[in-house]
Ligand code: PLP
């Protein structure tokens, strides 16, 4: 590469990704094929519009490409309609809301602190500027979704849209219960499956479209293991037409055709039998990992996990904040993120929890044994009273990453 400064940063990042234990629940490692397609000359092409209906000439190849991506993702989720153009999960959400709502309409989503996403109506997100946002949380005893409470709130605030799905929730989400509440109050219901999309495709988590949810949005880069971006799915023809208009020209311009190429490659991978095997291992690893910590005496929010992630209450378990825990872990080569836990008394920049996920290291081939070893290291490091004693653990982590242990 001619630009040595950027090349140097790419090499440094490559080394970081090779030598660290990647436990951020929303990250993954894409295949060479996804990387190649995303870095391809499709980046040069403008293609405003949709297949066979573009505002630019020379679209014969991108038309075929986008049709392939659409057909593959429809097959994955058993969806009738799909839009693969959203540049990100956040843009997919905003475009979906914009498709069916007017500004000022009422939305009801999961609170950020309880595990929801910023775009589900959190106060700093533009979703709360253009829509009147209310939130639901989790049950104080179980830390799980409390449908009686959600119903009560829905009956009171009368939302036009109920948003379900989460960024930090480790239990199966019962889409049917959301649909029932939405029907009772006359609301649309949208499931944001950004985190569990891969599990859904593998049949390891209920599919919201099968359960009657109106719109499904997702990122493509978490458990789905594709190029970074978003998608929107629906089985409703009228809503599908509104979504297409809302993505382009409503909220975006030209689609990133190179990213759509990367998405298409990953969708092809997700349709292969190995993908299901991978997702099964992702869940198994998360359960072994969280159970190991529980058996040591740690507090995990909801007591465990049904999916690819869990929240460790580091305050209850070790008397430290999420920020201190995150800093300590990075010192020994483990990357995870501090995360608020339900009813947290710390700010989102400090937090009482750390979120751990298994998709990335499972892609690298880790199984139960490696996750038990990393759980033991994490337990020791977070129990350590003096930061000066941490360096001895770096070697253990590196050995584990390099497969030498
Ligand atoms: N929705 C959920 C549930 C998420 O967890 C995230 C990202 O973390 C998003 C949406 C937003 O995705 P992006 O970062 O691509 O905008």
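Where a number appears in this text, it was derived from the coordinates with a stated rule and is not lab data. Just so we're clear, the structure is a prediction, and the values are computed from it rather than from any experiment. As a convention, Cβ positions derive from the backbone with ideal geometry for all residues, glycine included, and neighbour counts pool all protein chains shown.
Under the condition of being assigned to a helix (DSSP H, G or I) and either within 16 Å of the ligand (Cβ to nearest atom) or closer than 19 Å to residue 371 by Cβ (or both), the residues counted in the stretch 19-33 number 1. In the stretch 1-19, the residues that are at negative phi form Cβ pairs under 7 Å with partners that are exposed (fewer than 10 other Cβ atoms within 10 Å of the Cβ) and in a loop (DSSP other than H, G, I, E, B), at six or more places apart or across chains, as follows: 7/1.
Cβ-Cβ distances below 9 Å connect the following pairs, each with a first residue in the stretch 68-80 that is without any contact (Cβ under 8 Å) to a residue 60 or more places away in the chain, a second residue that is assigned to a loop (DSSP other than H, G, I, E, B), and a separation of six or more residues or different chains: 70/51; 70/84.
Matching residues to (1) under 20 Å from residue 184 (Cβ atoms); (2) in contact with a helix residue (DSSP H, G or I) (Cβ under 9 Å, 6 or more places away or on another chain); (3) buried (at least 24 other Cβ atoms within 10 Å of the Cβ):
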| position | (1), (2), (3) |
| --- | --- |
| 93 | no, yes, yes |
| 96 | no, yes, yes |
| 110 | yes, yes, yes |
| 119 | no, yes, yes |
| 126 | no, yes, no |
| 155 | yes, yes, no |
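The residues of the stretch 329-369 that are touching a helix residue (DSSP H, G or I) at 6+ places or on another chain (Cβ under 6 Å), farther than 15 Å from residue 25 by Cα and assigned to a helix (DSSP H, G or I) amount to a single one, 368.
Residues in the stretch 128-170 that are more than 20 Å from residue 101 (Cα to Cα) and in a helix (DSSP H, G or I): 147, 148, 149, 150, 151, 152.
Only residues that are within 14 Å of the ligand (Cβ to nearest atom) and out of contact with any helix residue (DSSP H, G or I) (no Cβ under 9 Å at 6 or more places or on another chain) were counted across the stretch 159-174, and they come to 1. Of all residues in the stretch 62-119, which are away from the ligand (no atom under 15 Å from the Cβ), part of a loop (DSSP other than H, G, I, E, B) and farther than 21 Å from residue 205 by Cβ? Passing the criteria: 101, 102, 103, 104, 105. Note on the stretch 34-60: residues that are assigned to a helix (DSSP H, G or I) and surrounded by 18 or more Cβ atoms within 10 Å (Cβ to Cβ) amount to 4.
Scanning the stretch 262-321 for residues that are free of Cβ contacts under 8 Å to residues at least 24 places away in the same chain, assigned to a loop (DSSP other than H, G, I, E, B) and in contact with a strand residue (DSSP E or B) (Cβ under 6 Å, 6 or more places away or on another chain) yields one hit, 299. Residue 232 meets all of the listed conditions (1) in contact with a helix residue (DSSP H, G or I) (Cβ under 7 Å, 6 or more places away or on another chain); (2) within 11 Å of the ligand (Cβ to nearest atom) but one, namely (2).
Only residues that are within 20 Å of residue 187 (Cβ to Cβ) and away from the ligand (no atom under 16 Å from the Cβ): list them for the stretch 138-153, please. Residues satisfying the conditions are 146, 147, 148, 149, 150, 151, 152, 153.
Scanning the stretch 175-191 for residues that are in contact (Cβ under 8 Å) with a residue 40 or more places away in the chain and more than 16 Å from the ligand (Cβ to nearest atom) turns up 187, 188. Against the conditions (1) more than 11 Å from the ligand (Cβ to nearest atom); (2) in a loop (DSSP other than H, G, I, E, B), residue 125 satisfies every one except (1).
Taken over the stretch 167-197, the criterion of being buried (at least 24 other Cβ atoms within 10 Å of the Cβ) and more than 20 Å from residue 234 (Cβ to Cβ) is satisfied by 168, 169, 170.
Residue count for the stretch 197-223 satisfying the condition of being away from the ligand (no atom under 11 Å from the Cβ) and in a strand (DSSP E or B): 2.
Going through (1) in a loop (DSSP other than H, G, I, E, B); (2) under 26 Å from residue 115 (Cβ atoms); (3) more than 11 Å from the ligand (Cβ to nearest atom) one by one, residue 194 falls short only on (3). Whether a residue is surrounded by 21 or more Cβ atoms within 10 Å (Cβ to Cβ), within 16 Å of the ligand (Cβ to nearest atom), farther than 20 Å from residue 120 by Cβ and in contact (Cβ under 8 Å) with a residue 12 or more places away in the chain was assessed, and residue 226 passes this test. Checking every residue in the stretch 238-261 against the condition of being surrounded by 24 or more Cβ atoms within 10 Å (Cβ to Cβ), within 11 Å of the ligand (Cβ to nearest atom) and part of a loop (DSSP other than H, G, I, E, B) gives zero matches.
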